[in-house]
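See below for the structure under consideration.
All of the numbers you see were taken from the coordinates with simple rules; none came from a lab. Quantities reported herein were computed from a predicted structural model and do not represent experimental measurements. Here the Cβ positions follow ideal geometry from the backbone for every residue, glycine too, while neighbour counts run over all protein chains shown.
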Amino acid sequence: MGRWPGPGARTQEGPAALLLAYHLRTEAEKGAEVTEVDGLPERYRREVLDPEKAFERDTVLVASTGGRLVGCLVVTTPVEGRAEIKRLWTDPSLRGRGIATRLIEAGLAACADAGAEAVRLSVWKWRAGAMALYERLGFGVVESWDERDQLVCMERAVGGVAS
C-alpha cells in the first residue's frame, strides 16, 4: 500500500488504467455501452486522463503486486470534519485476497491523519459485495446526500463507529 504519487508508493505508475476499468465497469452496470475513455462522461474522463490533476487535493492510495498496480482508492480532503472514500477498485482477477480491505483501512488512516472525524462513501445498490465489505468495516447506511437513483450513501466515524 502506498500513496500516489510519492515516495511511499511502490511504483510511480499512475492509477489511470485502474480508474478507466472502474468507470467502464460502472457505466456498463448502468446500461451504457462505453468501451473507451472517450465515451465516458467528462468528469470521469478527466480523472482517467490526468489523475494527478483531478485528485490534486486528495489522497490517492494504490496497491501493487509484482510491480503492477492492482488496486486504488481516493480519499478526499476533509470538509467540515468529513472526508469521502471513492473510486475503490481492485483488479477483478485478484479479488477476495484482502486488497480492498487494506486499501480502505489505509484510507481510514489517511482520514485520521487529515483530522477527519467521519468518512463517507456512496455505492451503487447492485454492488452487494462492496456494501457487505463496507458494513463489515463499520459503515452504516445514512440519508442520501446524492440524488442519483440506486446510489446508497454510507458513513462511519473515523474511530470506527457508524455515524
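A simple spin-label model places the labels of A132 and A157 2.8 nm from each other, with each point 7 Å out along Cα-to-Cβ.
Which semi-axis lengths, in whole Å and largest first, follow from the square roots of five times the eigenvalues of the Cα gyration tensor of the stretch 70-146?
One finds semi-axes of 20, 15, 10 Å for the stretch 70-146.
What base-10 log of the normalised intensity I(q)/I(0) is obtained for the chain from the Debye formula, alpha carbons as equal point scatterers, at q = 0.11, 0.16, 0.18, 0.20 Å⁻¹? With one equal scatterer per Cα and no solvent, log10 I(q)/I(0) is -0.42, -0.94, -1.22, -1.51.
Over the Cα atoms of the stretch 11-105, each weighted equally, I'd like the Debye log10 I(q)/I(0) at q = 0.12, 0.18, 0.24 Å⁻¹, rounded to two decimals. Treating every Cα as an identical point scatterer, log10 I(q)/I(0) equals -0.38, -0.86, -1.32.
Most exposed first by the Cβ proxy, i.e. fewest other Cβ within 10 Å, how do R120, R25, R87 rank?
R25, R120, R87
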